[in-house]
Amino acid sequence: MILVFLGAPGSGKGTVSALLQDRKSFIHISSGVAFRDIAKSKDKKKDIKKLQKILNSGKLVDDDTVFKVIKAKLNEFDIIKDNIILDGFPRTMEQVKMFSYFVKENSLDDIYFINFKTTSEIIKKRISGRISCPKCGRVYNVKTLPPKKEGICDLDGTKLIRRPEDENDKVEIRLQEYYNKTAPLLDFYDNLLVNIDASKNSEEMYKELIKKIGI
Ligand code: AMP
């Protein structure tokens, strides 16, 4: 089964992914985590520098690079047998074309498109409290979803950070990118969408999702 998580940054895709990973053994493929991993490289190559700049700006990475990275990630798993979450891909209509081709090529049919629906106000409030693990990518919230030990990742003990792209000015840019480039995907997948009320907390979103897709 493949779950394609659609929704603005901060809509809860990452936290619900973590619950599905912990409780239902889903494999979480996050394009954002994949890019941040590449950008962490100490390599001084031009490509890495360019990627770091794009990530820090809040803008989207170009479609060809995205598809190369996601395809390599998908190849690490058995896409027919494994339960996979695609968190943050596809994010543009061009990526939809690439993904549709990939689906056809691999005769995949057990796919759900999950739309995490909420308002910009809730998103901004959520991101303002967000802290993340720079090692594994797990997301916490100082107010609503704190780690067991303050400032430390529950999974690997790494010191949690506030990501540069979670600062207010960057959040505005990321939301604009979402409304201009990703929101049109909702019309495209309209009759396939499973809508989740993303103004709720992560536990409630998780329950709504597993009920709606019957797992
Ligand atoms: P995220 O953690 O999903 O918000 O992603 C962080 C950043 O990675 C985004 O602001 C983009 O710069 C880049 N990114 C992640 N996924 C994609 C994608 N599918 N297309 C283009 N850029 C992406």
Nitroxide proxy distance, nm - points 7 Å out along Cα→Cβ at Ile215 and Ala72
2.6
Using modelled amide H (1.01 Å from N, peptide plane; none on Pro or chain starts), what sits under 5 Å from the amide H of Ser30, excluding residues fewer than 5 places away?
Asp87
Take Cys136 and Lys124, extend 7 Å from each Cα along the Cα→Cβ direction, and tell me the distance between the two endpoints in nm.
3.3
Need one word for the chain: rounded, prolate or oblate. Basis is the Cα gyration tensor (sqrt eigenvalues a ≥ b ≥ c); a/c below 1.5 gives rounded, then a/b vs b/c decides.
rounded
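If r is the Cβ-Cβ distance from Asn168 to Glu105 and R0 is 41 Å, what FRET efficiency results, to the nearest 0.05? Intermediate values should be presented prior to the final figure.
On the way: r = 41 Å, r/R0 = 1.01.
About 0.50, to the nearest 0.05.
Specify whether the C-alpha gyration tensor of segment 134-215 places it in the rounded, prolate or oblate class, a ≥ b ≥ c being the square roots of the eigenvalues: rounded for a/c under 1.5, otherwise prolate if a/b is larger than b/c and oblate if not. Display every interim value, and only then the final one.
On the way: a/c = 2.55, a/b = 1.32, b/c = 1.93.
Judged from the Cα gyration tensor, segment 134-215 comes out oblate (a/c at least 1.5, b/c at or above a/b).
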Sum of -39500 (n - 2.57) over DSSP H runs of 4+, divided by residues of the chain (222 nm, nearest 500)
-13000 deg cm²/dmol
For Ile152, other-chain or 5+-apart residues with amide H closer than 5 Å (H placed, Pro excluded) are Leu160
Taking a ≥ b ≥ c as the square roots of the Cα gyration tensor eigenvalues, with a/c under 1.5 meaning rounded and otherwise prolate when a/b beats b/c or oblate if not, segment 5-117 comes out prolate
Normalised by the residues of segment 37-132, what does the relative contact order come to in percent, with Cα pairs under 8 Å and at least six apart?
16
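Every number in this text was worked out from the coordinates using simple rules, so none of it is lab data. Quantities reported herein were computed from a predicted structural model and do not represent experimental measurements. Glycine gets a Cβ as well: all are built from the backbone with ideal geometry, and neighbour counts include every protein chain shown.
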